[in-house]
Amino acid sequence: MSETTKHVPEAAASVSGEWAFLGAEAGSVADQLYMSAAEDWNKAINSRFVNELLDDTLPDHVLVSYLIQDFKFFNQGIMDHAIALAPREETKEMLRKQSQFFADEEAPYFTNFLKVYHVTDEQYENAPQTPANREYCDYLSEIVNGTWEELITALCCMEWLYLAWAKRTVDAGVIQQVPAHKGWVDLHEGELFRAWTGRLIALVNEYAHVDGPEADVFRRIVHLERRFFEDAYDLA
């Protein structure tokens, strides 16, 4: 760790109601789903990969491996399915706007930094998926053919968990010095991403049920996110 690098403390154990500022009040559907996955959630947001990224100690080859895997995952088209299943036009429009944001902001991040790290199109195309990425994509293929309640729960969980790990560095007042690390944090923290996550939490509170299949979806997504981080080292 260099002299300019600052350590980001790990997140504390999950507490009911701690995300009330985004609409997950204690006892709400979203809060109960969150607490039901607390153990895996904390292992995911405090994973080795996240710790090293936030501390600017993540090896470049591991970052590249992760970006390749995540870009393959990014191209699964889950937002198109969410838009198609959304029960109200205003919800469809909200999702369309966010989908355009992803196209304008997140996709260029991937393409830019894969270029910065000299990853060719051939290397990207030929890179095998990690076991976790393959299982995650297969699971999403099931979810997108399921119900709106399951899909919006999955989408909320993905985005909320990413906000949770990125929030660690904001809470610590640490700004990453490696551009790729800072860029990945900036995509998943800040006013816009918090507002987006809050809208997803509101939809989960409205449509999901703690005793329905959505509860299993939430826990499974958290588990797969944890494994996705861990597998970043396997093919690096």
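Kindly state, to the nearest 0.05, the FRET efficiency for Asn126 paired with Ile175, given R0 = 30 Å and r defined as their beta-carbon distance.
E(calc), rounded to 0.05, equals 0.30.
With a 1.4 Å probe and every protein chain left in place, tell me how much accessible area Asp234 has, in Å² to the nearest 10.
For Asp234, the solvent-accessible surface is approximately 100 Å².
Got a sec? What order do Met35, Met79 fall in by accessible area at 1.4 Å, biggest, i.e. largest, first?
Numbers: Met35 65, Met79 15 Å².
Reading off the accessible areas and sorting them downward yields Met35, Met79.
Given 0.36 nm per residue, what is the gain on full extension from Lys115 to Lys6 after removing their alpha carbon distance, in nm?
Stretched fully, the Lys115-Lys6 segment lengthens by 36.5 nm.
In nanometres, what is the gap between the two model label sites at Glu25 and Phe102, each 7 Å from Cα along Cα-to-Cβ?
In this crude spin-label approximation the distance works out to 3.0 nm.
Across the range 41-232, how large is the tail of the calculated P(r) beyond 25 Å, expressed as a percent of all Cα pairs?
Taking all Cα-Cα pairs of the range 41-232, the fraction more than 25 Å apart is 34 percent.
Which shape class, rounded, prolate or oblate, goes with the range 134-236 when its Cα gyration tensor gives a ≥ b ≥ c as root eigenvalues, a/c under 1.5 marks rounded, and past that a/b bigger than b/c marks prolate?
Here the range 134-236 falls in the oblate category.
For the range 1-121, compute the orientation-averaged projected area of the C-alpha convex hull (one quarter of its surface), in nm².
Numbers: hull surface 40.6 nm².
Mean projected area for the range 1-121: 10.1 nm², to one decimal.
Under a 1.4 angstrom probe, counting protein chains only, how are Phe21, Phe229, Phe113 ranked by accessible area, largest first?
Correct descending sequence by accessible area is Phe21, Phe113, Phe229.
The values are calculated or read from the model by the stated rules, or taken from the named source; none is laboratory data. All values derive from a computational prediction rather than experimental measurement. Methodologically, a virtual Cβ is constructed for each residue, glycine included, from the backbone with ideal geometry; neighbour enumeration extends over all protein chains shown. These accessible areas exclude ligands, DNA and RNA; they are computed on the full protein's heavy atoms, side chains included. Shrake-Rupley method; radii C 1.70, N 1.55, O 1.52, S 1.80 Å.
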